[in-house]
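Each value in this text was obtained by applying a stated rule to the coordinates, not by laboratory testing. This structure is a prediction, so every number in the text was calculated from the model and none was measured. FYI the Cβ positions are ideal-geometry reconstructions off the backbone, even for glycines, and counts take in every protein chain you see.
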Amino acid sequence: MQPGKHLMACEMVIENEINHGAKRKDVALTYAMTIRSECAGRPTDWTRINATILAKWGARGLAAVKKRAWGIVEGRIDPTAN
C-alpha cells in the first residue's frame with residue numbers, strides 16, 4: 001500500500017467480500033489493509049469485523065485470516081501468493 005492510501009469503510013468492505021463469496025486469503029488482504037489504515041489513524045470496529053469472519057468461518061477461520069493478514073503487514077507473506 002502506498003503512503004497516504006488507506007482503506008475506508010473497512011467493516012463494510014469485509015462484510016461485502018464475505019457476502020459475495022470471497023475466499024479467506026482475499027479477506028486476509030483486506031484485513032491487512034485495515035490494520036494499516038488503523039495504524040494511520042482510521043478508527044476500526046474490530047468487534048464487528050471479527051464477528052463477521054467468525055460467523056462465516058469460525059474461530060479457526062478467524063485465526064487463519066489474522067495470521068495471513070499480519071504476515072502481509074509484516075512483509076513475510078506475498079499477498080498474491082496462494
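Figures for the structure shown
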{"quantity": "Share of alpha-carbon pairs per 5 Å distance bin for region 10-73, given as whole %", "calculated": "4, 21, 33, 28, 12, 2"}
{"quantity": "Extension gain (nm, one decimal) between Arg60 and Lys23, 0.36 nm per residue minus Cα-Cα", "calculated": "11.9 nm"}
{"quantity": "Counted charge near Val27, where neighbours are those whose Cβ lies closer than 11 Å (Asp, Glu -1; Lys, Arg +1)", "calculated": "+3"}
{"quantity": "Residue-wise HN-Hα coupling along region 64-70, computed from phi with Karplus coefficients 6.51, -1.76, 1.60 (Hz; x: Gly, Pro)", "calculated": "5, 4, 4, 4, 5, 4, 5"}
